[in-house]
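Everything on this sheet refers to the single structure shown next.
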Amino acid sequence: MWWCVVLQSESKSRHVEHAVNALAASLLVFSANAFALDKNGNFESKQEQDAFIASTLKKMAGEMNSQTPIQLDEDTRMMSVIALQKTMTFNMRLPNYKSSQVDPKVIAQAARENLNHTVCKSKATRDLIDMGVQYVYLYNGNDAKLITRVVIDKYRC
């Protein structure tokens, strides 16, 4: 079944994992310079931490968008990334299929299984999820119509 191959591809996992690991590294590297930290190196308030995460996510989305669209494999293309507050939304396209040609439930299930494995199991992304970051994946057909939406957050990992 093509959707299992598409959503479990090593190429896709590698692209997404590199982007998310870069995001986590940015959070660690820039945290000392951006906001006031207490004597233990922690943010002084939850609001400062949230503002910093939101700002960093927005920068990362901009960097990722400078490289889009990215062909992740023969059936999956990342079109754009949007950061809003503590949510990263990845707009994905299945360029070989119209939205009416695929079963949204099957795509959602396969994506959820793959993303739970790659996103939830990675320490870098898991740390971000534990801080309240949410990853949203929107899958569209080549007709630009939404097929399904998959959310990865601390309640779904």
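The values are calculated or read from the model by the stated rules, or taken from the named source; none is laboratory data. Remember, predicted model here, so these are calculated numbers, not experimental data. Here the Cβ is made from the backbone with ideal geometry for all residues, glycine too, and neighbour counts use every protein chain on show. All accessible areas refer to the heavy atoms of the entire protein, side chains included, with ligands and DNA or RNA removed. Shrake-Rupley method; radii C 1.70, N 1.55, O 1.52, S 1.80 Å.
For region 79-157, trypsin sites (Lys or Arg not before Pro) meeting the loop criterion (DSSP other than H, G, I, E, B) and having at most 15 other Cβ atoms within 10 Å: K98, K145, K154, R156.
Per residue, region 66-116 exposes an accessible area of 51 Å² to a 1.4 Å probe, with every protein chain left in place.
Its alpha carbons give region 71-157 an Rg and a Dmax of 13.0, 37 Å.
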